[in-house]
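Values quoted throughout were computed directly from the atomic coordinates according to the rules given, and no laboratory measurement underlies them. For clarity, every value in this text was computed on a predicted model and none was experimentally measured. Reconstructed Cβ throughout: ideal geometry from the backbone, glycine too, with neighbour counts over all protein chains shown.
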Amino acid sequence: MDLVQLQRQLVDYRTSLYHEGFLDEQFTQLQSLQDENNPDFVVEVVSLFFEDSERLLNELSKALEQQVIDFKRMDAQVHQLKGSSSSIGAHRVQKLCIVFRNYCEAQNVEGCLKCLQQVKHEYGIIKTKLESMFQLEQQILNAGGSIPV
Amino acid sequence: MSGNGASSSSLNMISGEDVVNNNLSALVVDDSPLLRLLHDIHLKKYGLKVQVAENGKVAVDLFHLGASFDLVLMDKEMPVMNGVEATKELRAMGVTSMIVGVTSKNGPGEQQAFMEAGLDYCFEKPLTPEIISFLLEELNKHNNKN
């Protein structure tokens with residue numbers, strides 16, 4: 001695939017992520033902060049999001065396996081996940097976190113379990129999609145091109 | 001002005017690039033490494049010198065040690081010392097920095113309690129370029145008066 005085709009593929013891919021509700025305008029703002037002084041800013045922030053999310057999802061899974069569930073602690077963890085997903089524009093994950101917090105507040109175990117599965121699923125999807133996007137960007141850079149805005 | 005849900009159109013916006021902020025310093029107080037990085041880079045892009053702290057106690061300790069900042073971005077929910085406690089303590093110490101609360105989408109009651117601790121403004125996180133431009137304009141106005 002030549003450079004122009006790669007660049008077109010990236011633009012189409014990015015557009016689809018917004019169109020399908022995976023990303024929102026916060027991701028655009030993140031991209032606007034990347035410049036020659038911080039060339040890897042978006043990748044760094046998204047990597048932090050991946051680390052945060054995986055840690056929190058593990059902790060939430062363990063919390064829901066306990067005999068006595070600490071809903072207050074779980075709520076705090078979901079709150080963190082909501083904050084970080086909102087900060088990178090991971091729209092679907094953020095929306096599910098809002099629902100998840102409501103179940104924590106209601107101390108609804110079934111609701112929390114269902115939400116956790118949904119959040120894990122959506123997180124897995126956005127992680128794959130962002131990694132694919134970064135790979136495409138790297139291919140463009142390796143081919144001597146620039147990333148289209 | 002609490003800035004609660006303040007819309008872009010209600011703010012007197014100028015581009016951050018129009019304002020020279022080389023003399024301004026900021027402290028970003030947040031337990032999330034992601035939010036610290038995000039606000040750090042965002043403020044540096046506007047020319048501010050930025051330090052970060054992972055909770056309210058670290059922030060208060062910095063001021064006790066003699067540090068000073070023009071702007072403090074204070075997260076509300078943090079371990080060890082939360083934003084409400086840290087803000088109260090800073091104001092009790094006589095700190096006159098602009099302290100801006102940064103919260104998740106909580107109800108107006110929660111932001112009210114945070115404002116009453118001594119904030120100048122309170123906004124939902126993450127801060128947008130429009131909000132940051134507004135804050136820097138306010139800071140520059142305040143510095144030009146003194």
Q. Between B:His64 and A:Val109, what FRET efficiency comes out of the Förster formula 1/(1 + (r/R0)^6) with R0 = 35 Å and r the beta carbon distance, rounded to 0.05?
A. 0.20
Q: Note down, for segment B:25-144, the three equivalent ellipsoid semi-axes (square root of 5 times each alpha carbon gyration tensor eigenvalue), biggest first, whole angstrom.
A: 18, 17, 15
Q) Lys pairs in chain A, Cα-Cα under 21 Å, at least 8 apart or on separate chains: how many? A) 19
Q.
Calculate log10 I(q)/I(0) of chain A for q = 0.11, 0.17, 0.20 Å⁻¹, where I(q) comes from the Debye formula with a single equal point scatterer on each Cα and nothing for solvent.
A. -0.47, -0.92, -1.16
Q: Mind checking A:78-86 for the average number of partner chain beta-carbons within 10 Å of each residue's beta-carbon?
A: 4
Q: Could I have the simple spin-label model distance between A:Ile125 and A:Thr15, label points 7 Å from Cα toward Cβ, reported in nm to one decimal?
A: 2.1 nm
Q) Hey, if you put +1 on the Cβ of every Lys and Arg and -1 on every Asp and Glu Cβ in the protein assembly as shown, which of B:Leu135, B:His39, A:Gln117 ends up farthest toward the positive end of that dipole? A) A:Gln117
Q) What average number of partner chain Cβ atoms lie no more than 10 Å from the Cβ of the residues making up B:29-40? A) 5
Q) Across peptide A:87-99, how many C-beta atoms of other chains are within 10 Å of each residue C-beta, on average? A) 1
**Q.** Inter-label distance, nm, simple model (7 Å from Cα along the C-beta direction), A:Glu25/B:Lys44
**A.** 2.7 nm
Q. So how do A:69-76, A:40-47, A:81-88 stack up, highest first, on mean other-Cβ count within 10 Å?
A. A:81-88, A:40-47, A:69-76
Q: Mind running the shape call on the protein assembly as shown? Use the C-alpha gyration tensor, a ≥ b ≥ c as the square roots of the eigenvalues: rounded below 1.5 for a/c, prolate if a/b tops b/c, oblate otherwise.
A: oblate
**Q.** Candidate aspartates and glutamates for bridging to B:Lys57, where Cα separation is under 18 Å - those fewer than 8 sequence places away on the same chain excluded
**A.** B:Asp30, B:Asp31, B:Asp75, B:Glu77, B:Glu85, B:Glu89
**Q.** Order of A:Glu65, A:Glu105 - criterion: other Cβ atoms within 10 Å of each residue's Cβ, fewest first
**A.** A:Glu65, A:Glu105
